[in-house]
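Reading through the structure tokens given below for one structure.
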């Protein structure tokens with residue numbers, strides 16, 4: 001196994017990882033960034049991005065990630081393709097294994113592994129991703145202004161997405177698998193009292209229908225045994241996200257669903273020298289701009305932590 005020593009190791013890319021790299025590189029910390037299993041993160045499977053500041057005409061998600069990578073590399077970030085397969089934060093320096101063959105000893109580690117939206121697993125669902133199927137109403141709802149849409153889910157996220165979309169769309173179908181919702185009482189009341197939202201109880205999506213784009217869905221009622229086709233233009237999946245943090249289990253503190261815990265107002269974890277940024281530590285906002293903001297925070301936190309320790313520069 002090959003070995004290497006670095007000052008700052010950034011695990012994961014996307015807005016959080018690349019922004020952390022830009023700040024760390026400009027601070028002279030010579031960061032090494034491994035892009036992970038999905039280089040660029042969720043935005044690489046996102047079409048038009050219209051809500052990131054600085055792009056008045058919007059920008060294609062993959063192009064935005066290429067721009068961020070180029071900006072990080074401009075300041076001599078070493079951007080590498082590879083996946084962290086194991087970490088050891090029990091001692092110092094901090095250690096990470098890349099692709100099971102390369103060991104890195106780092107003075108500080110910034111975790112930017114993100115989170116992955118959960119989908120229903122329908123073949124038609126994957127076929128229409130970015131063509132009518134989305135996992136983020138705040139990101140994509142504007143594209144369906146004035147159109148009828150559907151949301152699937154029964155928790156607070158689904159209720160929030162349906163409520164948000166009702167401000168843009170004349171009709172929102174909320175598909176709930178059981179005869180009750182898991183959402184908090186106040187969110188349920190908002191849904192039930194919203195005339196634009198129709199809850200389809202005891203219902204499951206069998207298929208999303210369309211040609212090039214979504215134009216309908218086939219919904220099955222598990223009480224009556226009947227199926228029906230409902231015309232829609234947008235289908236929003238709100239059944240949760242899974243943070244990509246499995247390799248950090250038993251290494252750093254997480255909540256019950258795997259989001260990394262950070263000290264309020266910082267990106268610091270319970271392990272000295274390890275910082276968490278972006279969606280791996282954010283179960284609330286999950287936006288590109290908030291991820292980028294925490295990426296900045298992570299690099300500044302790492303720089304200040306290293307300066308406080310008065311560490312000697314590592315040599316590759």
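A Cβ distance below 8 Å, combined with a sequence gap of six or more or placement on separate chains, defines the contacts here; from the stretch 62-85, residues that are assigned by TED's automatic domain parsing to the domain that holds residue 36 and in contact (Cβ under 8 Å) with a residue 60 or more places away in the chain reach residues that are assigned to a helix (DSSP H, G or I) and surrounded by fewer than 19 Cβ atoms within 10 Å (Cβ to Cβ) in the pairs 79/73; 84/247; 85/247. For the stretch 194-216, a residue qualifies if it is assigned to a loop (DSSP other than H, G, I, E, B) and free of Cβ contacts under 8 Å to residues at least 60 places away in the same chain, and the qualifying residues are 194, 195, 196, 201, 202, 211. Tallying residues that are more than 19 Å from the chain's Cα centre (by Cα) and at pLDDT below 95 within the stretch 108-127 yields 4. Spot the failing condition for residue 38; the list is (1) within 18 Å of the chain's Cα centre (by Cα); (2) outside any loop (DSSP other than H, G, I, E, B), and only one is missed. Tallying (1) within 18 Å of the chain's Cα centre (by Cα); (2) outside any loop (DSSP other than H, G, I, E, B), residue 38 fails exactly one: (2). For residue 294, the conditions (1) modelled with pLDDT of 95 or more; (2) touching a strand residue (DSSP E or B) at 6+ places or on another chain (Cβ under 9 Å); (3) on the phi > 0 side of the Ramachandran plot all hold with the exception of (3). Applying the condition of being buried (at least 17 other Cβ atoms within 10 Å of the Cβ) and assigned to a helix (DSSP H, G or I) to the stretch 171-189 and asking which residue is modelled with the highest pLDDT yields 188.
Does residue 94 count as in contact (Cβ under 8 Å) with a residue 40 or more places away in the chain, under 20 Å from residue 274 (Cα atoms) and out of contact with any helix residue (DSSP H, G or I) (no Cβ under 7 Å at 6 or more places or on another chain)? Yes; evaluated as a whole, the condition is true for this residue.
If I ask for residues that are surrounded by fewer than 18 Cβ atoms within 10 Å (Cβ to Cβ) and not in a loop (DSSP other than H, G, I, E, B), which ones from the stretch 231-246 would you list? Give the steps one after another, and end with the answer.
Going residue by residue through the stretch 231-246, those that are surrounded by fewer than 18 Cβ atoms within 10 Å (Cβ to Cβ) are 231, 239-240, 242, 246.
242, 246, listed by residue number.
When the stretch 254-308 is filtered for residues that are under 15 Å from residue 89 (Cβ atoms) and surrounded by fewer than 23 Cβ atoms within 10 Å (Cβ to Cβ), the ones remaining, listed by number, are 254, 261, 268, 270, 271, 272, 273, 305.
Restrict the check to the stretch 217-236 and report whether at least one residue is under 19 Å from the mean Cα position of the chain (by Cα) and touching a residue at least 40 places away in the same chain (Cβ under 8 Å). First the steps, then the outcome.
Let us first name the residues in the stretch 217-236 that are under 19 Å from the mean Cα position of the chain (by Cα), namely 235-236.
Those left that are additionally touching a residue at least 40 places away in the same chain (Cβ under 8 Å): 235-236.
Checked the stretch 217-236: at least one residue is under 19 Å from the mean Cα position of the chain (by Cα) and touching a residue at least 40 places away in the same chain (Cβ under 8 Å).
Going by the structure shown, is residue 223 at pLDDT 95 or above and either over 27 Å from residue 67 (Cα atoms) or touching a helix residue (DSSP H, G or I) at 6+ places or on another chain (Cβ under 8 Å) (or both)? Show your work before the answer.
Values: at pLDDT 95 or above: no; either over 27 Å from residue 67 (Cα atoms) or touching a helix residue (DSSP H, G or I) at 6+ places or on another chain (Cβ under 8 Å) (or both): yes.
Taking the combined requirement at face value, the residue does not satisfy it.
Check residue 285 against each of (1) under 30 Å from residue 212 (Cβ atoms); (2) within 12 Å of the chain's Cα centre (by Cα); (3) not in a strand (DSSP E or B) and name the one condition it does not meet. Evaluating residue 285 over (1) under 30 Å from residue 212 (Cβ atoms); (2) within 12 Å of the chain's Cα centre (by Cα); (3) not in a strand (DSSP E or B) leaves (1) as the failure.
Residue check: is residue 72 outside any helix (DSSP H, G or I) and either closer than 30 Å to residue 202 by Cβ or in contact with a helix residue (DSSP H, G or I) (Cβ under 7 Å, 6 or more places away or on another chain) (or both)? Criteria not met by residue 72. When the residues of the stretch 50-67 are narrowed to those that are in a loop (DSSP other than H, G, I, E, B), modelled with pLDDT of 85 or more and in contact with a helix residue (DSSP H, G or I) (Cβ under 8 Å, 6 or more places away or on another chain), which ends up surrounded by the fewest Cβ atoms within 10 Å (Cβ to Cβ)? This residue is 53.
The values are calculated or read from the model by the stated rules, or taken from the named source; none is laboratory data. Note that the coordinates shown come from a computational prediction; the quantities given were computed from them, not determined experimentally. Reconstructed Cβ throughout: ideal geometry from the backbone, glycine too, with neighbour counts over all protein chains shown.
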